[in-house]
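Structure first, commentary second.
The values are calculated or read from the model by the stated rules, or taken from the named source; none is laboratory data. Remember, predicted model here, so these are calculated numbers, not experimental data. Using ideal geometry, Cβ is built from the backbone for each residue, glycine included, and neighbour counts are taken over all protein chains shown. Ligands, DNA and RNA are stripped out before the accessible areas are found, and what is left, the full protein with its side chains, is counted by its heavy atoms. Shrake-Rupley method; radii C 1.70, N 1.55, O 1.52, S 1.80 Å.
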Amino acid sequence: MKFGKHILSQQISGWGSYYLDYKFLKKIINSLEKGRLGDAALFATGVRPDEIPNGSNVPDQQQEDASAAVTGAQILPKVEGSDELQIHKAAFFFKLERELEKINAFYLQKEAELKARLGTLIDKKQFIFQARNSAKLSKDSPSYVALYEGFRYFEKDLSKLQHASIESLSPN
């Protein structure tokens, strides 16, 4: 299975927008490889070349000229030769860094949510066990069952986050 399809197949439902946009990064690399530096610059800034003005209704040469005009005037400075390639490589790495920041921010958000939930569950556990020692609270009581379910859901959500972080590091 190709890497891009593997990433898609391992995504957790509802979290897709927080995964690495591998397909978009690959388009940047392919554009650089094929010498379409203008397209690569547009991709690196989050713009698809077909989104530029008159992009879909003009011949390929005009589209390339429009892409180059947008790229030169609005995105990257106009330079020649290997300097141009270096600037476009920098644009790729800029986009890659934004993707990694997006993933990291999401992970930190989920981690903070799980820490807060765990703190609440531990507090409830201490309260229930104190009440249990003084009043002989049974395991069938609604508060005990709710606490147990809370820990089960916490474990499930923690496993999802661990799976997502392991998958993002796994090359297979």
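Structure values in brief
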{"read-out": "Residue match in segment 68-80 (condition: open to solvent by 90 Å² or more (accessible area, probe 1.4 Å), outside any helix (DSSP H, G or I) and modelled with pLDDT of 75 or more)", "value": "no"}
{"read-out": "Long-range neighbours under 9 Å by Cβ, at least six apart or interchain, first residue farther than 24 Å from Gln109 by Cβ and modelled with pLDDT of 90 or more within segment 136-160, second part of a helix (DSSP H, G or I) and open to solvent by 60 Å² or more (accessible area, probe 1.4 Å)", "value": "Ala146/Lys124; Leu147/Lys124; Leu147/Lys125"}
{"read-out": "Whichever residue in segment 161-172 is open to solvent by 60 Å² or more (accessible area, probe 1.4 Å) and in contact with a helix residue (DSSP H, G or I) (Cβ under 9 Å, 6 or more places away or on another chain) and, among such residues, is modelled with the highest pLDDT", "value": "His163"}
{"read-out": "Subset of segment 95-124 [open to solvent by 70 Å² or more (accessible area, probe 1.4 Å) and in contact with a helix residue (DSSP H, G or I) (Cβ under 6 Å, 6 or more places away or on another chain)]", "value": "Arg117, Lys124"}
{"read-out": "Filter result (closer than 20 Å to Ala91 by Cα and open to solvent by 80 Å² or more (accessible area, probe 1.4 Å)) within segment 1-33", "value": "Lys23, Lys26, Ile29, Glu33"}
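Residue-wise test of (1) within 30 Å of Lys110 (Cα to Cα); (2) over 29 Å from the mean Cα position of the chain (by Cα); (3) modelled with pLDDT of 75 or more; (4) part of a loop (DSSP other than H, G, I, E, B).
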residue	(1), (2), (3), (4)
Gly14	yes, no, yes, yes
Ser17	yes, no, yes, no
Lys26	yes, no, yes, no
Ala41	no, no, no, no
Asp50	no, no, no, no
Asn57	no, yes, no, yes
Gln61	no, yes, no, no
Ala66	no, yes, no, no
